[in-house]
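The values are calculated or read from the model by the stated rules, or taken from the named source; none is laboratory data. Everything numeric here is computed off the predicted structure, so don't read it as measured data. With ideal geometry, Cβ positions are generated from the backbone for all residues, glycine too; neighbour counts draw on all protein chains shown.
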Amino acid sequence: MQNENAAKTYIILTNLLFVVGVLFFGWTTLIVFLGFFIEAIINYLFNIARLSILFFKEKRHFDFTFLILSQSAFIFVNTVFFFIIFALDNTGRALIIHGEASAFQIVEFLSLIIVILIGTSQKFYKGFLKDEKYKEISSDSIAEKSYGSIILLQFLNIFGFGLILFFSLHRLFSLIIVFVKFMTELLAKD
């Protein structure tokens, strides 16, 4: 029960940071997608750590290699979509051409990364290592959950790519995407 509450708190806190960034700090869709992208990479690294413990315990080396390659392919597709969105967004062009990122923007984004890192590492330590949950669960169940979160991020990137191409809904769209991600994560409870 305590681990479930910690997971819900992590989901609420990270998504609340995105909402605060959009409403009060003027984050654009690009910055929200950059946050999602970094969150996906951090979750990917912790999933690999979790799965490596389980796969090598179960002596399923081929499955471990396949999982790393397939999740790396998902991260690669995320990278392509992110850089396409980055190229289309005015903020992205301003950062590339003029280097207009202020120190305050860098600090606020680094705080988001730190919160995601701390939350994910606590979820990994308390929910997996400390309670020795790796002795009770199989690697297949963790692999299925990690694929769900990666596919959700792929869908959000494609959806965001389409909306950025056809509409100019930066603030509203960013809030909608954060809400959809929040509800999906809360219902899935990765």
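Reported count of residues in the stretch 6-33, each being touching a Gly at 6+ places or on another chain (Cβ under 9 Å), surrounded by 14 or more Cβ atoms within 10 Å (Cβ to Cβ) and not in a loop (DSSP other than H, G, I, E, B), is 13.
Looking across Ala103, Ala87, Ala73, one residue alone is of a type in the set (A, V, I, L, M, F, W, C) and modelled with pLDDT of 75 or more. It is Ala73.
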